[in-house]
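Data first, discussion second: the structure below is written as structure tokens.
The values are calculated or read from the model by the stated rules, or taken from the named source; none is laboratory data. Predicted, not measured: the structure shown is a model, and the values here were computed from it. Cβ placement follows ideal geometry from the backbone for every residue including glycine, while neighbour counts extend to all protein chains displayed.
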């Protein structure tokens, strides 16, 4: 059984509460959709690397996947997103009130799942503190993301801080949780956390690029979504910074007007991105985070083979095509 | 310093996080509004009765008040409620997205606050499990409450189960938490929990009555709100049960039509309630819960003076006029 298979097995055998139906049907709906399951895999991987029992790690692994799905339910309300993983979002399939409440209950269920982990009370409290800190920071990241929609000037530094909170801290939290469960040293825990932060930043920048440059066939979803939604992504902020006056006016115009044909708008923006070499510059930044991540790997007490596993993971996530 | 004073002191000195402002300003806004602060007082009372250090109990006490306020932020979105404690609700003062997110962060901050309690890891985990169970059940209660708005037939039993989840479990959770912190016996913990359930049920039925029968001057808020919102309260369900065909048709008509003058509707419904002696019947039920609560007090190992404190508390909350 590969880790993924047994993880799916674990998800499929989570006790499915059913009443009240309008509360738990959305929870079971989103949890059974699958998705990449990156977060639980990070928990399992870190736990395994530092020698914890995989079966025990299933509890925090599932907890983080539940936490992630809770944020998706609420984010989709805020973003008016109709589709997620090729299916109707919870708020669209039911309604906003049900989505608020089923998100709320899923967040608590996530914490409840974490509290079931078979380990010492001290380990459990350490994992709980990290879990809650992560939950709080993810909210902060989402708030900055919402703020940026109407904020005229967003610096690249502000953007990186936002994606650190919104995306990276959860990947970092997953990795550190596995290490905590395995009783890894404080130094190893911190190195793994920083590794997760750098991995997460690279991961999100790849996401930003894929929205513009993905191969539609392998990507599996429509490209250009961020441009349509006027999201101030890393390539966009970079373009603004490097643009001459004409390009800057054009960009700002496209990112504030609803009047253009989707395809025309996408092509116009992409042409500016290309002219300013935004893809290459973003890739350069991704590689920088990758190098930082490699350094964090070096700081751990793991053996070479184990270190290679982490490096391969970082490489895979920063060079993904979907 | 009375417990209330020092509790206010504690609330006023909670570290106020400020960034992102749109996330934390609503949190600080609702937490500084005051309110009855019943929940933290229950934690403190139970902790004190069973001999815990009051200062340690401030942490779970604050945690439950934060949890309660999180539910208010989200409930007010769902209920489209513009006013709470005489002030604009969070979603009205800011917007729904900000209210969703600041509610989310407040729920996590509540758990974080609980995890700061100075006590043994075992005690902390026991309190955490109860806190999360409570959070989950409160969501279930709110979902039933939403469901009942459109559900044609609601039995009295279903209604009691809803208010048990929505209101009573949190009061019970507060009391039991104080007992856990004080290392009370399992028997005492359970007796206090059941006492809280009965207290909470009585508390909510009093709320239902006050909506119709409160003295406007002492009540401090507009009466008849539940009737305007077509809430299927205990007196309403009782009235439906006891009504003759004419009264039943009238009631159902008033509870589905928006066309009436507020005052006219209120008076018409109240006349039916009076004719069917709903006030007296509800008071009878309140007294029953009060007697159950007294029995739970007897099951504890507390001394007579301490038992009297709990009985007085139950009496005060079931005979309140606001």
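Against the definition (under 28 Å from residue A:74 (Cα atoms), without any contact (Cβ under 8 Å) to a residue 60 or more places away in the chain and in a helix (DSSP H, G or I)), how does residue B:58 come out, yes or no?
Answer is no for this residue.
For the range A:174-187, indicate whether the set of residues that are more than 11 Å from every other protein chain (Cβ to nearest Cβ), without any contact (Cβ under 8 Å) to a residue 40 or more places away in the chain, under 19 Å from residue A:43 (Cα atoms) and surrounded by fewer than 21 Cβ atoms within 10 Å (Cβ to Cβ) is non-empty.
Yes, the range A:174-187 has at least one match.
Out of all the residues in the range B:276-322, which are part of a loop (DSSP other than H, G, I, E, B) and either free of Cβ contacts under 8 Å to residues at least 60 places away in the same chain or closer than 26 Å to residue B:232 by Cβ (or both)?
Within the range B:276-322, B:276, B:277, B:303, B:319, B:320, B:321, B:322 meet the criteria.
Filter the range A:91-106 for residues that are buried (at least 21 other Cβ atoms within 10 Å of the Cβ) and more than 7 Å from every other protein chain (Cβ to nearest Cβ); which is nearest to residue B:101 (Cα to Cα)?
A:103
Pick from A:249, A:218: which is exposed (fewer than 15 other Cβ atoms within 10 Å of the Cβ), touching a residue at least 60 places away in the same chain (Cβ under 8 Å) and more than 21 Å from residue A:160 (Cβ to Cβ)?
When all the criteria are applied, what remains is A:218.
How many residues does the range B:242-274 contain that are in contact with a helix residue (DSSP H, G or I) (Cβ under 7 Å, 6 or more places away or on another chain), assigned to a helix (DSSP H, G or I) and at pLDDT 90 or above?
Count: 12.
When the residues of the range B:1-52 are filtered to those that are in contact with a helix residue (DSSP H, G or I) (Cβ under 6 Å, 6 or more places away or on another chain) and modelled with pLDDT under 90, which remaining residue is nearest to the other protein chains (Cβ to nearest Cβ)?
This residue is B:17.
Only residues that are free of Cβ contacts under 8 Å to residues at least 40 places away in the same chain and assigned to a helix (DSSP H, G or I): list them for the range A:113-123, please.
Residues satisfying the conditions are A:115, A:121, A:122.
Can you say whether residue B:111 is at pLDDT 95 or above, surrounded by 22 or more Cβ atoms within 10 Å (Cβ to Cβ) and at the interface with chain A (Cβ under 8 Å from one of its Cβ atoms), as far as the supplied structure shows?
When the stated conditions are applied, residue B:111 passes them.
With the requirement that a residue be within 11 Å of chain A (Cβ to nearest Cβ) and not in a helix (DSSP H, G or I), what does the range B:124-162 give you?
B:151
Can you pull out every residue in the range A:191-232 that is farther than 24 Å from residue A:258 by Cβ, in contact with a helix residue (DSSP H, G or I) (Cβ under 7 Å, 6 or more places away or on another chain) and outside any helix (DSSP H, G or I)?
Across the range A:191-232, there are no qualifying residues.
Only residues that are crowded, with 19+ Cβ neighbours inside 10 Å, at pLDDT 95 or above and within 13 Å of residue B:195 (Cβ to Cβ): list them for the range B:275-322, please.
B:289, B:290, B:293, B:296, B:297, B:300, B:302, B:310, B:313, B:314
So residue B:73 ticks every box in (1) within 14 Å of chain A (Cβ to nearest Cβ); (2) assigned to a loop (DSSP other than H, G, I, E, B); (3) modelled with pLDDT of 95 or more; (4) closer than 24 Å to residue B:200 by Cα but one. Which box is left unticked?
Exception for residue B:73: condition (2).
Taking the range B:77-90, which residues are within 11 Å of chain A (Cβ to nearest Cβ) and in contact with a helix residue (DSSP H, G or I) (Cβ under 8 Å, 6 or more places away or on another chain)?
Answer for the range B:77-90, where residues must be within 11 Å of chain A (Cβ to nearest Cβ) and in contact with a helix residue (DSSP H, G or I) (Cβ under 8 Å, 6 or more places away or on another chain): B:77, B:78.
Checking the conditions here, which among B:150, B:134, B:120 is more than 30 Å from residue A:147 (Cα to Cα) and at pLDDT below 95?
Checking each option against the conditions leaves just B:150.
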